[in-house]
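Colleague: One structure is given below, represented as structure tokens, and several questions about it will come after.
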Amino acid sequence: MKILLSYAATKFINMKTLLIALSVVGLLHSCASSKANKKEWWMGLTRIELMKEHGLPVQSGPDGNGGELILFSKVQMLPGVGSNPTVYNYRKVLYFMDSSGHAYQRNVDVSPIPPEQVNLTIYHPK
């Protein structure tokens with residue numbers, strides 16, 4: 001009888017451990033899925049929705065494929081060290097819009113090149 005109870009207790013503990021492990025795996029999977037979805041939050045947004053997020057675009061123009069290119073920018077100031085002056089970088093976000101006006105691709109660049117000097121025609125299809 002003792003052996004039977006011991007076997008039943010072991011089975012219960014193993015089942016409980018298995019349920020906890022499966023719950024943890026499920027939770028981690030759902031967190032990873034939502035993180036992946038947040039990564040491309042901009043996909044399918046319209047020009048107006050992007051402007052609500054970034055403000056007015058610095059440049060926009062045709063993409064040569066029936067859609068539009070929209071460039072947004074922010075200035076990032078990096079404090080200088082010692083005798084080095086303050087460095088200004090521009091965070092530029094370029095959205096590729098399809099012919100129905102929805103974002104389908106995005107390029108992000110941080111560099112000292114001002115956004116007004118970006119040539120949008122280099123992004124046209126060859």
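The values are calculated or read from the model by the stated rules, or taken from the named source; none is laboratory data. A quick note: this is a predicted structure, and the numbers were derived from the prediction, not measured. Heads up, the Cβs are rebuilt from the backbone with ideal geometry, glycines too, and the neighbour counts pull from every protein chain shown.
Colleague: Would the range 71-81 turn up any residue that is under 20 Å from the mean Cα position of the chain (by Cα), at pLDDT 95 or above, among the hydrophobic types (A, V, I, L, M, F, W, C) and surrounded by fewer than 10 Cβ atoms within 10 Å (Cβ to Cβ)?
Modeller: No.
Colleague: Looking at (1) part of a loop (DSSP other than H, G, I, E, B); (2) at pLDDT 75 or above; (3) farther than 25 Å from P125 by Cα; (4) polar (S, T, N, Q), which one does S100 not meet, given that it meets all the others?
Modeller: Evaluating S100 over (1) part of a loop (DSSP other than H, G, I, E, B); (2) at pLDDT 75 or above; (3) farther than 25 Å from P125 by Cα; (4) polar (S, T, N, Q) leaves (3) as the failure.
Colleague: Let me ask something additional. Going through the range 106-124 one residue at a time, which ones are aliphatic (A, V, I, L, M), loosely packed, with under 15 Cβ neighbours inside 10 Å and under 13 Å from L69 (Cβ atoms)?
Modeller: I122
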